[in-house]
Amino acid sequence: MSKSNKDVTLNPFEIALKQLDEAADLINLESGMRDVLANPKRVLTVSLPIKMDNGKIQVFTGFRSQHNDARGPFKGGIRYHPQVTIEEVKALSMWMTWKCAIADIPYGGGKGGIICNPKEMSEIELERLTRRYAYSIADIIGPRTDIPAPDVYTGGKEMAWIMDTYSALKGNFGQPEIITGKPLAIGGSLGRTEATGRGLTFTVREAAKKLAVDLKQATVAIQGFGNAGQYAGQLLEDHGAKIVAVSDSRAAILNKNGLNLEGLRNHKEKNGSVAGFPEAKAISGEEIIETECTILIPAALENQITQKNASRISAKIVAEAANGPTTPEADEILFKNKILLIPDILANGGGVTVSYFEWLQNLRREYWTESDVNERLDKNISKAFADVYNAHEKHGVNMRKASTLLAIEKVAEATRIRGLWP
Ligand code: NAD
C-alpha cells in the first residue's frame, strides 16, 4: 500500500503495536520488555453452539484476550458485533492495559467479543449466547483474575446474565464482583451508565482550559449515538456547548443551530435511529467527521479518522470516546494541524474508572452516593489529564504518545518489580 494516500494498516492490533513501539522508543524501553508488552498473556477462542428460535443450531465464535495483569486483574468489556476479530480484541485488551495505568486504577487489560449481529437476534437467543459464552470463559475469569464489562452492543442485561451464570457455576452464591456495568438492582454503581461520557466531558473541560476555548461558544459533532456518545453530548450540552451533528450506524444529521438532544434521544428510542429527526438535515456518514465544529467526538468504532479525512477536520479538540477511531497516520496530521487529540486511553477512561468503583463497592457490599462517584471520577480523570498533558509538553509529542509512554512506564515498572516466575 502506498503511504501517500492510504493508511499503512487498518489492522487494530498492528496499530496498537506501532503505538507501543513509538512510545517505547521515546523512553528507550529494553527489547525484552517490549516483547512482554507486545504479546497478550492469554487469548482464548471459544466455539458457541446455540439453539436458535427456528430450532436449528448455529455456532458462533467468541474471544477473550487477557493482555497484561502486572498491575492487577485483567479488566475490559465484551463486544457483540458482526465485525469482531481476534486482532481487534487483542488490540482492545492492550489499550485497556494502558487505560487502567493512566487512570491509575489497579487493573490490567482484557477484552472479549463475540462475532454476531445482536440486532438480528431475539432476546432469548441473545440470552442463550451470552450464558454459553460466560460458561465457556468461566475458568479464566474471576473477581480477582478478570472482570468483564459492557462494550459495543452489550449492556446491563448481558452483564446480569453473565453474573448469574458465573455465580451458578461457582456454587450459586451471588458474586456481583465478577462483572461491572450491572443494573443497580444487582450491585451496579450509581453513575456507571453515564461514566464514559462524564469522564470524557471532564477531559474536554480540561483541554478547553488549556486552549482557552469557551465551552459556552463551542459546537460539537458526535459520531455514534450510543452509551458513550449520548452522555458525552448531554453533559457537554450541560456545560453550554451546542451539539450540531450526530450520527449512528444508519444515518447522520446536522443542524447548525443546535440539535435538541432530549428530543433526539426520544426519537432514536422510538425509531431505532437518528434518521428522520425533524429540524435537521441529513448528511452522509463520512461528512460527520468533517463537520465544522469546535469539538469532534468519535464514539462508534475503529479507523474513522484516517489519512483520507484527517486534514479536513476543522475541530480544535478531538475527544475519542471510541477505542481506536484514529489511525497513526491521521494522528500525525492532527498533531501537525495543532488539533488537540484526547486519546481513547485517556478520554474514555471514565467507564473503567467507575467500573473499578463498582467493583470496590461490590467487594465491600457497601454503596456510594452518585455525587461521591462523580467527584471521585472528576478527581481521577483530571489528574490523568494533567499527567498526560504535562508529558505531551515535556516530550513535545502528541497526547497519544504521551499517554502511551506514561502507561508503558507504569506497566513495565510493575512487571520488573514482580519479576518473572517460573
Ligand atoms: P453502543 O453500542 O452503546 O453505541 C454504539 C453507537 O455507534 C450506536 O449508536 C451505533 O449506531 C453507532 N455506530 C455503529 N457503527 C457506526 C458507524 N459506522 N457510524 C456511525 N455510528 C455508528 O456502544 P458504546 O458503549 O457507546 O461504545 C462506543 C465506543 O465507545 C466503542 O468504541 C467502545 O469501545 C467505546 N467505549 C465505551 C465505553 C462504555 O462504557 N460504554 C467505555 C469505553 C469506551
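The values are calculated or read from the model by the stated rules, or taken from the named source; none is laboratory data. The structure displayed is predicted, hence computed values, not measured ones. Methodologically, a virtual Cβ is constructed for each residue, glycine included, from the backbone with ideal geometry; neighbour enumeration extends over all protein chains shown. Note: areas computed on protein heavy atoms with side chains; ligands, DNA, RNA excluded. Shrake-Rupley method; radii C 1.70, N 1.55, O 1.52, S 1.80 Å.
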**Q.** 267, 395, ranked by accessible area, largest first (probe 1.4 Å)
**A.** 395, 267
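Pop out the carbon and sulfur fraction of the accessible area of the chain as a percent, whole number, probe 1.4 Å.
Numbers: 8740 of 17670 Å².
Looking at the chain in its full context, I get 49 percent from C and S.
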(Q) What does the extension gain come out to for residue 292 and residue 211, with contour length at 0.36 nm per residue minus their alpha carbon separation? (A) 27.4 nm
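If you roll a 1.4 Å probe over the heavy atoms of the protein chains, what accessible area per residue do you get for region 195-347, in Å²? Mind dumping the intermediate values first?
Numbers: 6110 Å² over 153 residues.
About 40 Å² of surface per residue is accessible.
Could you work out the helix-only [θ] at 222 nm for the chain, with each DSSP H run of four or more residues adding -39,500 (n - 2.57) and the total divided by the number of residues, to the nearest 500 deg cm²/dmol?
That comes out to -14000 deg cm²/dmol.
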**Q.** Per-residue SASA entry for residue 169, accessible area with 1.4 Å probe, Å² rounded to 10
**A.** 90
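Give me the number: length gained by fully extending residue 46 to residue 250, i.e. 0.36 nm times residue separation minus the C-alpha to C-alpha distance, one decimal in nm.
On the way: separation 204, 0.36 × 204 = 73.44 nm, distance 3.05 nm.
So the chain would gain 70.4 nm between residue 46 and residue 250.
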Q: Could you tell me what percent of the DSSP beta bridges with both partners in the chain are antiparallel, to the nearest 5?
A: 50
Q: Treat each spin label as a single point 7 Å out from the Cα along the C-beta direction, and report the residue 239 to residue 416 distance in nm.
A: 3.6
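Return a whole-number percent for the relative contact order of the chain, with Cα pairs under 8 Å and 6 or more residues apart as the contact set. Walk me through the numbers on the way to the answer.
Details: 871 pairs, mean separation 70.3, N = 422.
Here the relative contact order equals 17 percent.
So which of 216/256; 119/308; 75/170 end up more than 25 Å apart, counting from Cα to Cα?
Values: 216/256 15 Å; 119/308 30 Å; 75/170 20 Å.
Those over the limit are 119/308.
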Q) In whole Å, what is the distance between the alpha-carbon centres of region 38-53 and region 358-422? A) 29
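So how do 107, 231 rank on accessible area, 1.4 Å probe, biggest first, that is with the largest at the start? Don't jump to the answer; show the numbers that get you there.
Working: 107 0, 231 60 Å².
The most accessible residue leads, giving 231, 107.
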Q) Counting only DSSP beta bridges with both residues in region 37-181, what percent are antiparallel, rounded to the nearest 5? A) 65
(Q) Run the simple label-point estimate for residue 372 and residue 144 please: 7 Å along Cα→C-beta, distance reported in nm. (A) 2.4
Q | Dipole moment magnitude, nearest 20 debye, region 37-181 about Cα centre, only Lys, Arg, Asp, Glu C-beta charged | A | 280
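On a full-extension model of 0.36 nm per residue, what is the gain between residue 383 and residue 269, subtracting their alpha-carbon distance, rounded to one decimal in nm? Could the numbers behind the result be given before it?
Numbers: separation 114, 0.36 × 114 = 41.04 nm, distance 3.56 nm.
Working it through step by step, the gained length comes to 37.5 nm.
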**Q.** Check: region 258-402 dipole with +1 on Lys, Arg Cβ and -1 on Asp, Glu Cβ, in debye
**A.** 200
